[in-house]
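Everything on this sheet refers to the single structure shown next.
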Amino acid sequence: MRKWLQKLKKRTTVDDGSLDDSGSRPRGSADDTRITRSFSSAGLLDGPKGYQPSYQELPVIPVWKAPPRTNKPLPSPSTFDTSKPLPKIRHESLPGPTTTPFPFPTELMFLLIDNYISQELQTLLNLGRALPALRHQCWTHAFRSVKIFIRQREIERKMTSSNVDLFLQLLSRTPEIYPYICELDVEDRGRLVWHHRGLLSSSQEDLTTLSLLLVQTQRMTKLKSFRITSSIVWTNLPIHVKEAFFAMFNSPTLSEISLSGILLPVNLLALVKNLQVVDFQTGGVGPPKFHQSVAYARPKQVDALKIRDRNPFSNPMSVLGFSDHSFKPFSLAHLKSLEICLPGKSLETVQDGLKLCQSLEVFKIFVGTAGGLPHPLILDCLPSLKSLTLAADITNILDSAIRFDWVVNLLESIPATSSLQEVILLIRTPSLEQGKQCEWGVLDAIFEPPSKPKLLNTPVRDDLTEEEPHAQWPSLGLFKIVWCTARSQDVHENRNEDFLAHLPIFMPHLDKRGVLKMQTTYSDTQYNFWTYT
């Protein structure tokens with residue numbers, strides 16, 4: 001390092017139009033005269049040598065030659081004429097300094113926004129206001145999913161963060177926000193209005209505000225998902241609110257709709273041109289109503305259906321066309337994903353419709369076993385099934401010997417040559433200790449390979465290799481058990497490790513295939529269990 005520094009100090013460079021070490025212009029030269037400067041610790045050299053190229057074909061660079069050396073001492077700085085202005089240093093060849101409004105590179109600022117403040121709405125708005133160059137990235141996260149509350153109570157209407165009136169004012173004042181909205185979530189708080197005769201569940205002002213919000217979706221050019229949770233009955237809505245729903249259904253980019261409590265006539269969803277995913281929650285499926293726009297519409301082709309209705313008195317599957325003699329608003333033959341959350345005894349309403357789901361690849365079943373065993377399903381009619389999720393709320397009411405009966409019967413109905421790739425089993429018990437008492441051997445017996453029959457009086461040939469018996473579902477790569485324990489201490493005490501040690505003993509055949517995995521999570525209430533996915 002020391003030798004390299006000495007070479008660097010002795011190197012001669014060319015400086016165009018600069019001052020020499022004494023602070024004056026080069027002697028006998030114009031402004032563009034070339035001089036050489038030495039960076040030696042011994043002082044200014046008397047006669048530095050010019051640069052000579054090592055190849056003859058390169059042009060020779062002219063170098064200023066120093067005058068003959070004399071014994072006269074160098075002039076002192078006081079002898080220079082200070083009245084003459086100093087020459088200006090030219091920097092045309094140097095690039096100008098790069099100016100940026102960010103303290104970090106732009107790519108790093110985008111990374112910080114995407115990974116650290118993407119969920120902080122106020123921070124995103126303040127940053128986008130302070131730095132206009134980051135406004136697009138900030139608004140992309142801030143307005144991608146918007147949640148609006150309608151019919152708020154008088155106390156809640158003072159909250160500026162969830163007032164639909166303020167949101168409409170923001171849209172009118174800043175119309176640039178429209179293209180950034182991709183998901184719209186409307187929640188009805190059921191504001192009560194006081195009158196001299198009693199309380200009314202709604203007012204004309206609130207319904208007009210809802211219709212204005214629905215009409216504004218026509219200007220949201222990237223709106224993909226619409227969700228509404230409401231206690232409004234569709235038949236009681238004014239005509240202008242219904243027309244606002246029809247205007248929203250005509251959005252060309254809308255592809256996902258989630259309905260809860262509104263009892264929307266299911267056949268009206270045929271108005272949504274690019275509908276792909278439909279999510280019906282409790283009270284979201286309404287019986288079909290006649291409308292001239294969908295009077296002769298064909299069954300809608302969608303990719304995914306989600307039905308989550310635990311009301312034992314409702315029958316959403318029949319309304320959705322899973323019965324033989326019911327109206328079919330959707331084409332079940334084109335369905336690829338189906339998720340149902342029903343009481344156990346209501347599973348029988350699904351069986352007839354499954355026979356039409358020839359393209360179904362993902363099937364998720366969430367049932368409750370507190371009121372008795374679920375109705376068994378037969379899945380031999382699903383040739384394209386690849387992923388199966390089964391959820392059971394196992395309680396102390398049922399005997400441990402029959403808790404897996406509905407699961408075993410369902411799995412046994414799947415052909416052994418099925419292309420099933422993964423099975424996920426969700427179970428909720430009060431504690432992991434009670435989970436050890438379940439009849440895991442009954443479930444593991446499904447995966448026991450069949451024994452190869454041996455013929456009597458047949459000589460054994462050594463030249464033939466014995467073939468392995470055909471395994472159940474040869475494409476199976478994952479059998480995952482998600483244990484939802486109601487005892488939080490099980491997670492903190494790491495009881496999962498103790499349970500994992502017993503899994504090879506409980507389920508030896510699955511463990512031998514190398515597809516068995518387990519995950520433990522905490523479920524404080526039954527609601528969290530049903531919404532695990």
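Here, each number is a calculation from the coordinates, and none is a lab measurement. Every value quoted in this text rests on a predicted model; they were computed, and no experiment measured them. Methodologically, a virtual Cβ is constructed for each residue, glycine included, from the backbone with ideal geometry; neighbour enumeration extends over all protein chains shown.
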For the pair Ala295/Val277, report the inter-label distance in nm, with labels modelled 7 Å from Cα in the Cβ direction. 3.5
Phi to ³J(HN,Hα) by Karplus 6.51 cos²θ - 1.76 cosθ + 1.60 over segment 241-251, Hz, x for Gly, Pro: 6, 5, 5, 5, 5, 4, 5, 5, 5, 7, 5
Using modelled amide H (1.01 Å from N, peptide plane; none on Pro or chain starts), what sits under 5 Å from the amide H of Ser331, excluding residues fewer than 5 places away? Lys300, Gln301, Val302
So what are the ³J(HN,Hα) numbers for segment 307-317, from phi and the Karplus equation (6.51, -1.76, 1.60; θ = phi - 60°), rounded to whole Hz, Gly and Pro as x? 10, 10, 9, 9, 6, x, 9, 9, 9, x, 5
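Would you mind counting up the charge near Arg298? Only other residues with Cβ under 15 Å from its Cβ, with Lys and Arg at +1 and Asp and Glu at -1. Intermediate results must be reported in sequence, preceding the final value.
Details: positive: Lys273, Lys300, Lys328; negative: none.
That sum, taken over residues with Cβ under 15 Å, equals +3.
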Going fewest to most other Cβ atoms within 10 Å around each Cβ, Asp498, Asp352 line up as Asp498, Asp352
Over 15 Å [Cα-Cα, segment 281-357], rounded percent: 55
Fewest first, what order do Ser418, Ser475 take by the number of other Cβ atoms within 10 Å? Ser475, Ser418
Here FRET efficiency (C-beta to C-beta, Leu131 to Phe313, R₀ 60 Å, nearest 0.05) is 0.60
Set Lys300/Lys355; Lys242/Lys345; Lys224/Lys480 screened for pairs whose C-alpha atoms are more than 25 Å apart: Lys242/Lys345; Lys224/Lys480
Search the structure for amide H atoms under 5 Å from the amide H of Lys147, placed 1.01 Å from N in the peptide plane, and list their residues when 5 or more places away or on another chain. Asp185
Simple label model, 7 Å out from Cα along Cβ direction - Gln218 to Gln122, nm: 3.7
Sorted by Cβ neighbour density within 10 Å, fewest at the top, the residues Arg428, Arg135, Arg298: Arg298, Arg135, Arg428
Based on alpha-carbon positions alone, could you give the equivalent ellipsoid semi-axes of segment 197-274 from the gyration tensor, as √(5λ), descending, whole Å? 23, 14, 10
